[in-house]
1. Each label point is 7 Å from the Cα along the Cα-to-Cβ direction; what then is the distance between the points at Thr203 and Ile34, in nm?
2. Counting helices only, and only those DSSP H runs with n ≥ 4, report the 222 nm mean residue ellipticity of the chain as the sum of -39,500 (n - 2.57) divided by its residues, in deg cm²/dmol to the nearest 500.
3. How are the Cα pair distances of segment 1-86 distributed, in percent, across 5 Å bins from 0?
4. Name the residue, out of Val143, Val99, Val27, whose mean-square fluctuation peaks in a Gaussian network model built on the chain with Cα pairs under 10 Å.
5. Around Gln157, under 12 Å between beta carbons, what's the net of Lys plus Arg minus Asp minus Glu among the other residues?
6. Could you tell me what percent of the accessible area of the chain is made up of carbon and sulfur, with a 1.4 Å probe and every protein chain present?
7. When Rg and Dmax of the Cα atoms in Å is calculated directly from the model, which label among [x] 19.3, 59; [y] 21.2, 73; [z] 32.8, 133 fits?
8. What GluC sites (Glu not before Pro) in segment 40-141 are in a loop by DSSP, with at most 14 other Cβ atoms within 10 Å of the Cβ?
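The values are calculated or read from the model by the stated rules, or taken from the named source; none is laboratory data. In this text the structure is predicted, and so the values were computed from the model without any measurement. Ideal geometry is used to build each Cβ from the backbone, glycine not excepted, and the neighbour counts take in all protein chains shown. With ligands, DNA and RNA removed, areas are computed over all heavy atoms of the protein, side chains included. Shrake-Rupley method; radii C 1.70, N 1.55, O 1.52, S 1.80 Å.
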Amino acid sequence: MAKTHNVTEFIFLGLSSNPEVQKVCFVIFLLLYIAIVLGNFLIVLTVMTSRSLGSPMYFFLSYLSFVEICYASTTAPRLISDLLAERKAISLWGCMSQVFFIHLFGGTEIFLLTVMAYDRYVAICKPLNYTTIMNRQACAFLVGAAWVGGFVHSLAQILLVFRLPFCGPNVIDHYFCDVLPLLKLACSDTFLIGLLIVANGGTLSVISFVALLASYVVILLHLRTRSSEGRHKALSTCGSHITVVTLFFGPCVFIYLRPSTTLSADKMVAVFYTVITPLLNPVIYSLRNAEVKKAMKRLWVRAMKPEER
């Protein structure tokens, strides 16, 4: 199939063709990316160094923050550098690599969010068996399964895209390589492959989202028997997770659960789930979780406190 790839590179149109707008966007997205890396790294560091955050919930949260850094790093650095470049080109193999890693980290995040919902279900609905069910080995297995699930999903996407013949043109009306913009450039009938891509990416998002909603319906029904204080604490924790799930799955369903066409709004929606959502996750989890905020304060105090001699 490699012989059908007459195109050796692709050209991005980017977010805007206006030089002044590009300069403004460069500053904005550079600051956003720095905030994503620092914010999520702070959560990882806080969970790793704090004894009070040793429960499975925070173990999964630290992995989610790590995945967010990796996920944003597949698109944001390229977007930032291209905003100051006259020619926004990427090689064929660079494009395929970007597609693979976007779906690897995106798929892993979907499975991690599902695992976190299961963790909350066990903690609230089966509290007496929580430590037995969610032991260290089980948590490690669930994280490993999330990575394997993300890898399988990504491998399926890249195999479908790589089979496409690219003979020209090579201009992508986007700021990164993804399956739908590449389908538009293929010089063959892409109807069947488009359906398979929707079945893989869109169906995964919908099934996971429905499973997450079902788990929280069960949790909410179970909370009716709790005291008002216990109900408030459980809802506060679940509220953060529900917010993150909604922010992530909404744009994903919009992009991937439809026929293989591109819309003018796709780039703005993509900015939301590749940049804004990874930025909001640490904010949501830290501001709505008292234990995380206390652990961050203790970490800050230890960092600022001079060493005793």
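1. According to this spin-label approximation, the distance is 4.5 nm.
2. Details: 12 runs with 221 residues, N = 309.
That comes out to -24500 deg cm²/dmol.
3. For segment 1-86, the binned pair fractions read 3, 12, 18, 14, 12, 11, 10, 9, 6, 4, 1, 0 percent.
4. Answer for the Gaussian network model of the chain: Val27.
5. That sum, taken over residues with Cβ under 12 Å, equals 0.
6. Numbers: 10610 of 15510 Å².
For the chain, the apolar C and S fraction of the accessible surface comes to 68 percent.
7. Checking each listed value against the structure points to [y].
8. Working: sites: Glu68, Glu86, Glu109; in loops: Glu86.
Sparse-neighbourhood loop GluC sites (Glu not before Pro): Glu86.
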